[in-house]
Amino acid sequence: MKKNVVIIGNGIAGITAARFIRKFSDHSITVISEESDHFYSRTALMYIYMGHMTYENTKPYEDWFWKKNRIELVRGYVTSVETDGKKLHLAGGNVVNYDVLILATGSRSRKFGWPGQDLKGVQGLYSLQDLEFMEENTRGIERGVIVGGGLIGIEMAEMLNSRNIPVTFLVREDEYWTNILPHEEGAMISRHIRDHHIDLRLETELKEVLADANGSVRGVITSRGEEVACQFVGITTGVMPNVEFLKESTIEVKRGIVVNDYFETNRPDIYAIGDCAEFSTPRSGHPPIEQLWYTGRMHGETVARTICGERTTYDRGVWFNSAKFFDIEYQTYGFVSNVPREGEESLYWEHPDGRHAVRINYRTSDGVVVGSNFFGIRHSQSVWESWLRQGKKIDYVLEHLGAANFDPEFYKQFEGRVVAEYNKRHPGKELTLKQKRGVRWRKEEVET
Amino acid sequence: MSLNRVYPSIQIAGDPTVSMSSVEKLGAGLSGLGLLFLLVAGFAGQASPILFLVLSLGLLSLGGVIFSVERYLKKRSAGVNNNGVMFAPSTRRSFLTWNLAILITGFYVLLYWFPGTLEGLIRMVDPISYTIRGKAADQWFLYGTFYTVAVLVMGFRAILKYRHNRYQIIRTASVMFFQLLLAFLIPAILIMFQKPEFYFSYFWPLKYDYFFPGTFDYLEQSGGWGIFMVRWAVVMAFVGVPVLTYFFGKRWYCSWVCGCGGLAETAGDQWRQLSDKSMKAWKVERWMIHSVLAFITLTTALVWVNTWQGGALLGDLSQGFSKTYGFLIGMAFSGVIGVGFYPVMGARVWCRFGCPQAAILGLLQKYFSRFRITTNSAQCISCGNCSTYCEMGIDVRAYAQRGENIIRASCVGCGVCANVCPRGVLSLENGPTEGRYNQPVLVPESAIMMPRRGDKKNEEWRERTFTS
């Protein structure tokens, strides 16, 4: 039976759902977005500001794609959901009916109630509108302050840096992002940040934003009582689900929209996916809210299967992630704790140039590898997934480490040095690297 | 909010990412002076060739070198260097780049059809010509000199810009080497020693007359060297090209050896983002490039048939074909449009839409090659840097986000997509041909997109990792 599927939100989760529903069915599909006419890659916002790309370049599909695939795009803001009548009310009075509703409304920036946080020149970075604000707010300024030592914080620092705007970067932890990264890695990235002439202030938080006579930012006061003069404050202390408009509805909302493993909400025919969804019973070790690009993609495909008749549970699989800190690429596979965990050993190797590092964690009892971090070295996700799933041991992983390398040709490979580091720390061990990078070796590791 | 409003003001204001240092200004100033003297040399080059050479090409190059060292080596860290590309009037379609396009196009028109107007410049390069060729310069030598200087100076810039990436460094050094040696010095020295002028780095059908009977006759007349050249031309065109392409893909030629590719990768590097990425452009590309290949193949066949029949049957037909091809494709397309449109359509217009050598290499790459770009697709964030900086207009992202190997006839293997990727998703590689096509070899879509219901290994993994 042909259903009328309406999706609120045209980010990666909503659009992936739309694409797969079209792939699996003939349902009518409507995507409503307040933010933009077409799907664009949110992860590329920084590149628009830095002039690497235009907004057009960030659209993964050409504009004709939507019509050809019979996905109707509606620009509008949903003010409320009438679950009994299966109706959406849009700002301006329009009403949209649905048979099946997918909520994929994403996040918004989180602020912590600092004095002055709503002054002109204080903002987060999540949407296209935020980017436009940032463009206005940073024009001709003498200094920007970034609050929050996470992934968006360092992006914002790099953005301002690209325009030769001096940056003061306030980080709560003792090194950059050490609420996630182990100390050595955090320290290496801190040094790299300072190499880019960023005024990095560790163990420092925002206390207050100061206003000038016009209600714009003129400076901040930090938790150490220092005053920093600035005309822009980037708040990057996390995001939270964008669910305000559901407060009056019968849909259950905690921090996010509460869903089960099928992305079903408490109301029939209403699903929630992506950043705005909160799992009612997250599996152990999983966060209740997943705010990643690739999880959005997986949510979208999973819910599409369910809606098209194949009820499918969500399973994220082996954890991985990646980021880029100025010039240093970062990849992580499996679980690497930021502080040493009981029963685990950690092998860490860092290049003297401070731009390459590898960490591999494994269980002391049987040597089974639980996770890895890579800096300045690219590795293959499929190889790592295969190793972690199979419970490969440290000796095996080290001997085959070269096979997971995914760097460009002619790059120096450092896996041999990681193995040497291990041998040095474990007298008696004489492991050798069995392969270097290559299609064939990688394939063998994935298929075994 | 209208998205067209994103950054309207910057387009007027220029590039907010640039603050020129005094050394950069010096470099730019010296280049400007060089250009001025180039103009003067056009009228008076013959008066004092060496002085004008130093003042024009010398200052132009020196300025370029100083500017590149300051900007890329001193001011910017080793990493992706695309700040401001979409803002700067010199790298987006702007008043300046349109001017430049007309200037270059016009230069080609003068060079091909009105060389007399370039007399001052031609005389200016006489000293170089006498030194390496033992005779006076002509317009082609002038062109070769400009071309080689451009590849060398801008190649130097590219090496600094991509200095964190060894693939880019080695590849750029390679195109500089082949341009200087095989496309400039060796042909010149051959002339000096009374041998036929011959370019060892070009083959049929790009150098279409290298498989014309008339060329064979002419070369063979000069004895041993000429016979070697004929053999080289035939063996490379029909054995060397397929064998090398099987092992390394099209790139061994298009972005490592070829002079057209060499200029595109060096002087044209700054405009690679201007290529058209649309599906429509891809369609046009396939029609055009294969039509040109058909045209030159037919022309060559006619020339041979005509020769075998002593001109009896076809009369002037084959000559008409070869003249038409030479004018339309050999001159107008590859030169005037191919290079002239660099600043508005990117540097690979000829390579993508016209070059019959690229057409052959592309077919080989698609069907008989070990080359592919592999994707580490799970890490892809669909940002679009790869597609944006593909000079061939390939929508790399479309493949990357699906986890499909990128095997496209047009891919010249420059490696810039892998360079600009912030998440380590792309890798140019040669490998076994088995499973190269149709299925994502290493990251099956199911592995990243599909949930694994009741996957036992996954449950075990979770227990291991999160319960202790």
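The values are calculated or read from the model by the stated rules, or taken from the named source; none is laboratory data. Not measured: the values here are computed from a predicted model. Cβ sites come from the backbone with ideal geometry, for glycine too, and all protein chains shown count toward neighbours. SASA here: full protein model, heavy atoms, side chains in, ligands and nucleic acids out. Shrake-Rupley method; radii C 1.70, N 1.55, O 1.52, S 1.80 Å.
Data for the structure
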| item | result |
| --- | --- |
| Subset of region A:254-268 (residues that are part of a loop (DSSP other than H, G, I, E, B) and under 13 Å from A:V243 (Cα atoms)) | A:K254, A:R255, A:G256 |
| Failed item in (1) touching a helix residue (DSSP H, G or I) at 6+ places or on another chain (Cβ under 7 Å); (2) within 30 Å of B:S318 (Cα to Cα), with B:K207 passing the rest | (1) |
| Unique residue being touching a Ser or Thr at 6+ places or on another chain (Cβ under 6 Å), modelled with pLDDT of 95 or more and either aliphatic (A, V, I, L, M) or open to solvent by 40 Å² or more (accessible area, probe 1.4 Å) (or both) when the list is A:V419, A:V383, A:V370 | A:V370 |
| Unmet criterion (only one of (1) open to solvent by 10 Å² or more (accessible area, probe 1.4 Å); (2) facing chain A (nearest Cβ under 8 Å); (3) modelled with pLDDT of 95 or more) for B:P432 | (3) |
| Yes/no for B:G262 being closer than 22 Å to B:Q365 by Cα, open to solvent by less than 10 Å² (accessible area, probe 1.4 Å) and touching a strand residue (DSSP E or B) at 6+ places or on another chain (Cβ under 6 Å) | no |
| Filter result for B:A237 (over 30 Å from A:T54 (Cβ atoms), part of a helix (DSSP H, G or I) and not basic (K, R)) | yes |
| So A:S337, is it part of a loop (DSSP other than H, G, I, E, B) and among the hydroxyl-bearing types (S, T, Y) | yes |
| Counted residues, region A:269-310 - those being open to solvent by less than 30 Å² (accessible area, probe 1.4 Å), of a type outside the set (A, V, I, L, M) and not in a helix (DSSP H, G or I) | 5 |
| Close pairs from region B:369-385: first closer than 30 Å to B:V243 by Cα and open to solvent by less than 10 Å² (accessible area, probe 1.4 Å), partner part of a strand (DSSP E or B) and of a type in the set (V, I, T), Cβ under 9 Å, at least 6 apart | B:R372/B:I406; B:I373/B:I406; B:T374/B:I406; B:T375/B:I406 |
| Looking only at region B:11-67, and only at residues there that are within 14 Å of chain A (Cβ to nearest Cβ) and outside any helix (DSSP H, G or I), the one that is surrounded by the fewest Cβ atoms within 10 Å (Cβ to Cβ) | B:S19 |
| Selection from region B:96-142 of residues that are among the aromatic types (F, W, Y), in contact with a helix residue (DSSP H, G or I) (Cβ under 7 Å, 6 or more places away or on another chain) and open to solvent by 30 Å² or more (accessible area, probe 1.4 Å) | B:W98, B:Y112 |
| Residue in region B:158-187 that is farthest from the other protein chains (Cβ to nearest Cβ), counting only those that are crowded, with 20+ Cβ neighbours inside 10 Å and within 14 Å of B:I132 (Cα to Cα) | B:P187 |
| The lone exception for B:E445 - which of (1) open to solvent by less than 10 Å² (accessible area, probe 1.4 Å); (2) at pLDDT below 95; (3) more than 8 Å from every other protein chain (Cβ to nearest Cβ) it fails | (1) |
| Counted residues, region A:348-373 - those being within 23 Å of B:A378 (Cα to Cα), within 12 Å of chain B (Cβ to nearest Cβ) and touching an Asp or Glu at 6+ places or on another chain (Cβ under 8 Å) | 3 |
| Residue, nearest to B:M345 (Cα to Cα), within region B:78-93, restricted to residues that are in contact with a Pro (Cβ under 9 Å, 6 or more places away or on another chain) and either more than 11 Å from chain A (Cβ to nearest Cβ) or surrounded by fewer than 21 Cβ atoms within 10 Å (Cβ to Cβ) (or both) | B:R93 |
| Test: residue in region A:197-205 that is more than 20 Å from B:N83 (Cβ to Cβ) and within 22 Å of the chain's Cα centre (by Cα) | no |
| Qualifying residue in region A:42-58 (condition: more than 8 Å from every other protein chain (Cβ to nearest Cβ), under 14 Å from B:R397 (Cβ atoms) and open to solvent by 10 Å² or more (accessible area, probe 1.4 Å)) | yes |
| Meets criteria (of a type in the set (D, E, K, R) and assigned to a loop (DSSP other than H, G, I, E, B)) for A:R224 | yes |
| Single residue of region A:320-335 satisfying the filter (open to solvent by 20 Å² or more (accessible area, probe 1.4 Å) and touching a residue at least 24 places away in the same chain (Cβ under 8 Å)) that is nearest to the other protein chains (Cβ to nearest Cβ) | A:D327 |
| When residues of region A:395-416 are limited to those that are assigned to a helix (DSSP H, G or I) and open to solvent by 10 Å² or more (accessible area, probe 1.4 Å), the one farthest from the other protein chains (Cβ to nearest Cβ) | A:E399 |
| Tally, over region A:22-41, of residues that are within 14 Å of chain B (Cβ to nearest Cβ) and not small (G, A, S) | 8 |
| Subset of region A:1-41 [free of Cβ contacts under 8 Å to residues at least 24 places away in the same chain and either crowded, with 23+ Cβ neighbours inside 10 Å or basic (K, R) (or both)] | none |
| Check on B:T131, of a type outside the set (K, R) and either over 30 Å from B:A173 (Cβ atoms) or in contact (Cβ under 8 Å) with a residue 60 or more places away in the chain (or both) | no |
| Single condition A:R355 does not satisfy, out of (1) assigned to a strand (DSSP E or B); (2) open to solvent by 20 Å² or more (accessible area, probe 1.4 Å); (3) under 17 Å from A:A187 (Cα atoms) | (1) |
